[in-house]
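Novice: Structure in C-alpha cells, see below.
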Amino acid sequence: MKKLISSILATAVALSAAVCATSAVASAADSADGAKFAMSVSFDKDTLVPGDEVVASLSLDKNPGIIGLRINVGYDDSVLSIAGRDNIVNAELLKGFVTPPPGQLANPFPLVWSDPLAEVNNEADGVVATITFKVKDDAKLGDLKDAVSVSFVDIAYIADPDTLQVGKYEPEEAYADTTKAAAKVVCKEHKFGAWETVKAADCVTAGSQKRTCEACGIEETQEIAALGHDYGEWETVKDADCVTAGSQKRTCKRCDAEETKEIAALGHDYGEWETVKAADCENAGSQKRICKRCDAEETQEIAALGHDWGEWTVVKEATETEEGTEQRTCNRCDAVETQAIPVIVPSDTPTTSDEPITSDEPITSDEPTTSDEPTTSDEPTTSDEPTTSDEPTTSDEPTSSDEPVNSDKPADTDKTNPETGSAPAVGLFVLMMGAAGAMTASFVIKKRK
C-alpha cells in the first residue's frame, strides 16, 4: 500500500515538473488575501490532566484546491501516547484517506489522502481528521509548547483542468511551516494558595481575584461583587412648604455619588373656622379659616337659617259671613306670616246629608217616659198588683187580683206604665235625639267642605 501511495505522489510530482513552471505553482497556492495554505491543531480541553484522554482536531485553512495530501503528525511522547490507528478518525473532508497500518504508530507518523481519479480540485476548509491521545499518568505538570505538531510533506493538485495534469505545491512558497499546538498539563487535585485581588471592586463595578495551584501553577479566578454605595444621612436641600415639594440628598462615603429624593408638600395646617358674615333667616353667611404656616385662607358658605316661627295669633275673628285672619312672627327677624280663618258655619243651619244617620245601639234612658197621649196596646196588661182607678171598672168577668186586667179603654194619662214610662218623658227623649242628629249632620257638612 505504501508503495502505491508513493508511486502516485511521485507520478504527480514528475508530471507537474514536466508541465508547469515553479512560479505558476507558487501563485496557485496563494489565497486572494495573500495568506498561505495552512494546517491548524486544537484540543477539546483547555488543560490536560494525567490519566485523561484529549482529542486533537486537524483542520485545513485557506485551501487553494487539492487532490492529494501527505502530512506528518508528531507529539510530545513524554506527556502523550496513542494506542494505534483506531484512535485516528477521518473526517471525510478529503477523499482517498489511506488508513495507517496496524500496530504501534511511529512518532511522527504520516497521514495520507489521495484521489487520482478526481477531475476537479477539492477546495474545502475544515477538519480533516481527529486523533485521540491519552495523557500519561506521570506527565510533567506545566506548559507544553510542542504538545502536537503537524507539517506538510506533499500536496498535489490538478494543474490543467483540460488535460488533468497533476501539479505539486512547493512548501516554501505555497503553505505555512510546521504547526504546533501548545497545552498545559495540570494536576488532578489542586493545592491552591490564598486569593489575591486582581482588580478591586468599587461601588458599582465588580472586581476579580485569583488563586494559584502550588503544584501545577494553574490559576483559578472569580468575581468580586460590586460593593454598592455606602450612603450617609439624608440632608435637606430644599424645605417643603404647604403647596411645594422640597428635596433632600445623601452622599456615598466611598465614591461621593449622590442620591436625591423628594419631600412631599406638607399641605395646609388650618386653624378653627371664623365667621365672616353671619347667616340670617333668608341670606347665607360665610366663614373662613387661616393656615398656621402660610396664612392661606379657605372660605365656605353658611347656609341660610330659615324662619323660626312663633305661635299663630288671631288678628280678626271669622264670622258667619266673613273670613278672619291670623298671623305668626319669626323669633329672629320679626318677619310676619298671615293666613285666613274660614267663615263660621251656623250651628242651627238645616243640614242635609245623602247618608242616612243610623246607629246600631238601642236608644235607652234611665228616666221614665211620660206622655200626654194615651197609651194603647193590643197586648193585655198584666200585673201582680191590684189595679186602682178613679173610674169604675166594668168587666163581664169578675176581676181578681191574681188575674191580668184587660180593658178596651185607654189607660189614664196620669198613670205611669211601668214598661214604657210616661208620655211626656218619651217626647222629651225624642226631641233630644233630634237635636243630637242635627249637630252630627252639621259637623259632617263642615268636614266635607
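Just so you know, all these numbers are worked out from the coordinates, no wet-lab data involved. Worth saying up front: this structure is predicted, and the values here are computed from it rather than measured. Backbone-built Cβ (ideal geometry, glycine too); neighbour counts: all protein chains shown.
Novice: Tally Lys and Arg at +1 and Asp and Glu at -1 over the other residues with C-beta under 11 Å from the C-beta of residue 51: what net charge comes out?
Specialist: My count for the surroundings of residue 51 gives -1.
Novice: Of all chymotrypsin sites (Phe, Trp or Tyr not before Pro) in the stretch 35-113, which ones are in loop regions per DSSP and have a Cβ with at most 16 other Cβ atoms within 10 Å?
Specialist: Of the chymotrypsin sites (Phe, Trp or Tyr not before Pro), not one in the loops of the stretch 35-113 has a Cβ with at most 16 other Cβ atoms within 10 Å.
Novice: Which distance in Å, rounded to a whole number, links the C-alpha centroids of the stretch 152-221 and the stretch 125-146?
Specialist: So the two Cα centres are separated by 11 Å.
Novice: Same structure, new question: What is the spin-label model distance, in nm, from residue 198 to residue 265 if the labels are put 7 Å beyond Cα along the C-beta direction?
Specialist: Each label point is offset 7 Å from its Cα along the Cβ direction, giving 5.5 nm.
Novice: May I ask you to list the GluC sites (Glu not before Pro) in the stretch 230-327 that are in a DSSP loop and have at most 15 other Cβ atoms within 10 Å of their Cβ?
Specialist: Answer in residue order: 233, 272, 282, 311, 317, 320, 322, 323.
Novice: Explain nothing, just compute: Karplus ³J(HN,Hα) = 6.51 cos²θ - 1.76 cosθ + 1.60, θ = phi - 60°, for every residue of the stretch 232-243 in order, whole Hz, x for Gly and Pro.
Specialist: Here the 3J(HN,Hα) series is x, 6, 6, 10, 6, 9, 9, 6, 7, 10, 4, 10 Hz.
Novice: Give 95/184; 136/210; 249/292; 36/136; 199/253 a once-over and call out the pairs whose C-alpha atoms are over 24 Å from each other.
Specialist: Too far apart for the 24 Å limit: 95/184; 136/210; 249/292; 36/136.
Novice: Continuing with the same structure: Would you mind classifying the stretch 117-201 by shape? Square roots of the alpha carbon gyration tensor eigenvalues, ordered a ≥ b ≥ c; an a/c under 1.5 is rounded, otherwise it is prolate if a/b is larger than b/c and oblate if not.
Specialist: Prolate, because a/c is 1.5 or more and a/b exceeds b/c.
Novice: Taking H placed 1.01 Å from N in the peptide plane, check which residues at least 5 places from residue 266 or on another chain put their amide H under 5 Å from its amide H.
Specialist: 241, 242, 243, 244
Novice: Please work out the FRET efficiency for the pair residue 244 and residue 221, using the Cβ-Cβ distance as r and a Förster radius of 60 Å; give the result to the nearest 0.05.
Specialist: The computed FRET efficiency comes out at 0.70.
Novice: Also: Between beta-carbons, use under 11 Å as the cut-off and find the net charge around residue 206, counting Lys and Arg +1, Asp and Glu -1.
Specialist: Here the count lands on -1.
Novice: Can you give the net charge of the other residues whose Cβ lies under 11 Å from the Cβ of residue 254, counting K and R as +1 and D and E as -1?
Specialist: Residues close to residue 254 contribute a combined charge of -2.
Novice: I need the phi-derived Karplus couplings for the stretch 296-305: 6.51 cos²θ - 1.76 cosθ + 1.60, θ = phi - 60°, integer Hz, Gly and Pro marked x.
Specialist: 5, 10, 10, 10, 8, 7, 9, 5, 4, 7
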